[in-house]
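Novice: First, the structure itself, so that you have it in front of you.
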């Protein structure tokens, strides 16, 4: 391997592979532009024309178009991963993280989500026929995964939809247990966390059959009844109980929280932080902080600067229980970014209209008044 460093090199160009089975695309780094998935052959993906050119360009100091997001936004993400790196002679030898996106099967219809990521929303909107499930060959997927898994330590993340509701998710786990039960694999599931007891018990049985490190990711960013309406169809108490269950499991390496902060969650955001960290106080965890940008009605830039007090309280709740956090510095940075976003919208969006439209879509079962109280 050669050591390389310049302003256009990003480690993700070599280390991260994302495959979206539902959209038939793949990309190296979650911020990069995608390429069409023409086949499930590992060599065709690793040495595809687009990523090959990106590697060459970055080594020459050329800003490749696949990385346009970072060039246009001067993304902190680029600055984090723009480091001196060891460039492998064979691109296959650089892969450290693989993310697989399954179909849109999901039991929730979160207010800021959309039909491509939730079968429930697709049904509400009467467009479920557009997102018909595709049957994938688990053996084809394993032909991509297993050669990489056998080579080195790999972080493998499954997302959806809701992956734990996908039949393919269980087929894939069973196949991997059959072939690589003792591999140096960190198996990550990015879930909405609202799974029934029978599913989590089934998953516990799988965990006990492997020597993998298991990481459970839970999305959510509010508490109580507000949680139940932002993440429509969810149950906050069941969600907390599932976090507790997996946090206490002896095969769990860490819990990953994936909050997408939005204008409706801010008032209960401090309680959310308090609740999740009380459960995981004896377990390593990460917070992959994000925020909702679209639809823009839910962006916190629409909120008044006075809402800073809730973010400050949430930050304080975090700092008091941050001893087991594996990414404390980036979490603090995220809190600061949230605070700076408040009150920056050029023109406030009409959230009342958006909520009423969503309420009709959800057969008038949405507590619009409760949600409007969250932005007053």
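Since every read-out is calculated from the coordinates, none of them should be taken as a lab result. Everything quoted here is computed from the prediction, not taken from an experiment.
Novice: How tilted is helix 269-279 with respect to the longest principal axis of the chain? Cα atoms for both, answer in degrees (0 to 90, nearest 10).
Specialist: 60
Novice: Same structure again: In percent, how large is the relative contact order of region 2-83, given Cα pairs closer than 8 Å and 6 or more residues apart?
Specialist: 37
Novice: Here is a follow-up. Going by alpha carbons, how many degrees (0 to 90, nearest 10) lie between the helix axis of 197-207 and the longest principal axis of the chain?
Specialist: 30
Novice: What is the helix-to-structure angle for 328-341, meaning the angle in degrees between its Cα long axis and the longest Cα principal axis of the chain, kept from 0 to 90 and rounded to the nearest 10?
Specialist: 50
Novice: Continuing with the same structure: For region 6-119, just run the numbers: alpha carbon Rg, then divide by 2.2 N^0.38 Å, N being how many residues it has.
Specialist: 1.15
Novice: In Å, what Kirkwood hydrodynamic radius results for region 193-237 from the alpha-carbon pair distances?
Specialist: When all Cα pairs of region 193-237 are included, the Kirkwood radius is 12.3 Å.
Novice: Looking at the chain as a GNM with Cα springs under 10 Å, which of 177, 130, 121 has the largest mean-square fluctuation?
Specialist: With Cα springs under 10 Å in the chain, the top fluctuation among 177, 130, 121 is at 130.
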